[in-house]
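Please read the structure below before turning to the comments.
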Amino acid sequence: DGRLTFYPGNQTVDLPFINFMKRYGTVFLNAYTNSPICCPSRAAMWSGLFTHLTESWNNFKGLDPDYVTWMDLMEKQGYHTQKYGKLDYTSGHHSISNRVEAWTRDVDFLLRQEGRPMVDLTGDRKRVRVKEADWRNTDKAVNWIKEEAVNLTQPFVLYLGLKLPHPYPSPYTGENFGSSTFLTSPYWLEKVSYEAIKIPKWSSISEMHPVDYYSSYTKNCTGEFTQQDVRNIRAFYYAMCAETDAMLGEIISALRDTGLLKKTFVIFTADHGELAMEHRQFYKMSMYEGSSHVPLLVMGPGVKEQQQVPHLVSLVDIYPTMLDIARIPVSQNLSGYSLLPLLCGKAENKVSPRRPRPSWVLSEFHGCNVNSSTYMLRTGKWKYISYSDGQSILPQLFGMLHLLSPNRLIYCSANRLLTDSLFILDLSADPDELTNVAIKFPVVIHSLDKILRSVVNYPKVSSSVQEYNKRQFISWKQSLGQNYSNVIAHLRWHQDWLKDPKKYESAIDKWL
């Protein structure tokens with residue numbers, strides 16, 4: 001969750017190396033994912049293109065394996081490249097459940113696709129390495145820096161992909177099959193300030209937006225949760241963030257120990273956030289801030305120290321930024337824009353000048369746990385969310401918190417478009433995104449929808465995704481032959497499905 005990298009979110013957990021990057025570099029206050037789920041988000045970051053351009057529709061459908069990424073281009077230009085850990089941006093990965101749930105989201109049924117979110121404490125106060133696979137990859141990256149990078153005569157680029165702070169997909173059998181577990185040790189949990197944890201407000205189930213209700217139900221979050229249940233889920237998530245921060249610290253320390261830190265750019269970001277029970281949901285797949293707002297911090301040669309950038313940016317900006325740093329000509333057909341001018345505090349990038357950065361960012365979602373293609377336009381003080389064809393499902397509009405300076409938070413009123421950079425404190429804004437004001441501001445809706453349609457013909461894209469989902473499901477169903485009924489009955493939704501399998505197979509047949 002990107003909000004943990006600046007005040008007030010960072011009061012909940014100690015993140016010393018995030019703070020180190022803030023002290024010696026730049027933090028972006030309004031950085032967003034271009035699709036709030038693993039594979040499509042990473043596809044946007046590695047390609048520099050919006051999701052509808054790469055057709056990275058879900059966690060099974062990402063980039064083609066031979067797609068030329070920014071790292072490929074840097075390697076061609078003489079950079080020594082190295083990757084460790086989670087990549088997850090090409091097609092063909094993730095579970096059968098994950099892809100089938102995405103393909104069948106237009107089917108007229110409600111099935112819990114996840115186990116109820118859980119917490120679990122492991123080890124004792126000496127247990128530092130909880131996510132052992134991530135630590136092994138961090139160790140590999142550290143050793144590479146100390147043994148390889150330090151001796152290179154050519155420039156290098158190193159990528160380290162961590163799974164944390166992603167909840168653990170466990171256990172695999174029994175009543176809680178498919179649950180997502182927020183797992184940590186007492187060592188990390190002690191880094192969390194329980195009294196600073198905000199318990200999110202929830203709309204009543206009857207008042208939820210229909211897409212939110214579908215998401216909450218399929219994520220198995222419509223049951224009873226006590227305040228302590230919610231506080232624990234959030235606390236354990238923050239503890240997992242603290243463990244992630246420690247891995248960042250290992251990389252920073254290795255660069256410092258080898259004398260490379262002052263001449264190396266370090267970029268820290270994420271593919272998406274974590275709702276951690278905001279809006280009665282966990283996981284991602286949502287345009288709410290907990291899911292779509294990502295961390296983005298940069299330090300390196302020429303990067304302004306202690307700078308907080310309020311500009312709206314997104315992960316497609318990573319591609320042109322990497323090329324800009326390497327002084328490689330940037331293709332004009334990218335969706336993103338170089339961050340280098342903002343990092344260096346310059347009005348214009350003299351290395352690779354382009355048209356002005358737009359005043360908006362785009363995020364879109366076409367995967368599981370959401371029963372409609374979703375499009376978010378974030379601009380000025382507004383967040384506009386449109387669904388499907390723009391007509392059949394009520395859109396959402398929220399007045400957003402506008403961050404102007406390191407020491408001042410300004411709430412923008414939801415009664416006029418952004419016309420200047422200063423606002424009076426107005427508590428009518430809705431930082432928790434609980435009040436949909438779409439009906440109250442039809443002129444604003446019209447204006448923002450016009451901008452959105454100029455960026456993406458979203459009714460057409462939604463229709464294309466629906467056709468893709470049906471084709472993929474039919475092909476998968478035919479590949480199973482007579483085994484189809486048994487396989488589909490025992491996916492993650494098996495606890496609901498097995499209560500009336502004929503009913504749900506009939507619903508699929510009707511959809512087809």
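A few comments on the model shown:
- Structure-based [θ]222 nm, the chain - -39500 (n - 2.57) summed over DSSP H runs of at least 4, per residue, nearest 500: -10000 deg cm²/dmol
- Taking 20 Å as the cut-off, the amide N atoms of region 443-471 that come nearer than this to a point 7 Å along the Cα-to-beta-carbon line of SER392 belong to 453, 456-471.
- Whole-Å semi-axes of the ellipsoid equivalent to region 266-336 (Cα gyration tensor, √5λ, descending): 28, 16, 9
- Full-extension gain in nm, ARG23 to LEU87, via 0.36 nm per residue minus C-alpha separation: 20.2 nm
- Using θ = phi - 60° in the Karplus curve 6.51 cos²θ - 1.76 cosθ + 1.60, the 3J(HN,Hα) couplings for region 324-336 round to 5, 4, 7, 6, 9, x, 9, 4, 7, 9, 6, 7, x Hz; x is entered for Gly and Pro.
- Model label points for ILE199 and GLU224, set 7 angstrom from Cα along the Cα-to-Cβ axis, are 1.5 nm apart.
- Full-extension gain in nm, LEU152 to LEU512, via 0.36 nm per residue minus C-alpha separation: 123.9 nm
- LYS304 paired with SER464, simple spin-label distance in nm, labels 7 Å along Cα-to-beta-carbon: 3.8 nm
- About the centre of its Cα atoms, the chain shows a dipole size close to 740 debye [charges on the beta carbon of Lys, Arg (+1) and Asp, Glu (-1) only; nearest 20 debye].
- Applying both filters, DSSP loop and at most 14 other Cβ atoms within 10 Å, to the trypsin sites (Lys or Arg not before Pro) of region 182-234 gives LYS198, LYS201.
- Selection of trypsin sites (Lys or Arg not before Pro), region 49-138, meeting DSSP coil and at most 11 other Cβ within 10 Å: ARG125, LYS126
- Computed FRET value (nearest 0.05) for ARG471 with LEU110, which takes r as the C-beta separation and R₀ as 25 Å: 0.60
- Among the listed pairs LYS61/LYS477; LYS86/LYS381; LYS198/LYS450; LYS76/LYS263; LYS146/LYS284; LYS22/LYS383, those with a Cα-Cα distance over 24 Å are LYS86/LYS381; LYS198/LYS450; LYS146/LYS284; LYS22/LYS383.
- Dipole of region 198-349, positive direction: furthest Cα of VAL309, PHE225, ALA276, with charges on the beta-carbon: VAL309
- Note on region 150-287: Rg/Rh from Cα positions, Kirkwood definition for Rh, rounded to two decimals, is 1.08.
- Among the GluC sites (Glu not before Pro) in region 190-295, those placed in a DSSP loop whose Cβ has at most 14 other Cβ atoms within 10 Å are GLU190, GLU224.
- Three semi-axes of the equivalent ellipsoid, region 10-108, Cα gyration tensor, whole Å, largest first: 29, 22, 13
- Cα convex hull of the chain - mean projected area over all directions, nm²: 23.7 nm²
- Amide H contacts for GLY161 (H built 1.01 Å from N in the peptide plane; partners 5 or more residues away or on another chain; cut-off under 5 Å): TYR84, GLY85, LYS86.
- Length released on extending from GLU505 to ASN333, taking residue separation times 0.36 nm less the Cα-Cα span: 57.5 nm
- Distant-in-sequence amide H partners of SER373 (H built 1.01 Å from N, under 5 Å): SER388
- Counting only protein heavy atoms and a probe of 1.4 Å, the accessible surface of region 275-339 is 47% carbon and sulfur.
The values are calculated or read from the model by the stated rules, or taken from the named source; none is laboratory data. Because the structure is predicted, anything quoted here is derived from the model rather than measured. A quick note on method: Cβ atoms are made from the backbone with ideal geometry, for glycine too, and the neighbour counts reach across all protein chains shown. Just so you know, the surface numbers come from the protein's heavy atoms only, side chains and all, with ligands and any DNA or RNA stripped out. Shrake-Rupley method; radii C 1.70, N 1.55, O 1.52, S 1.80 Å.
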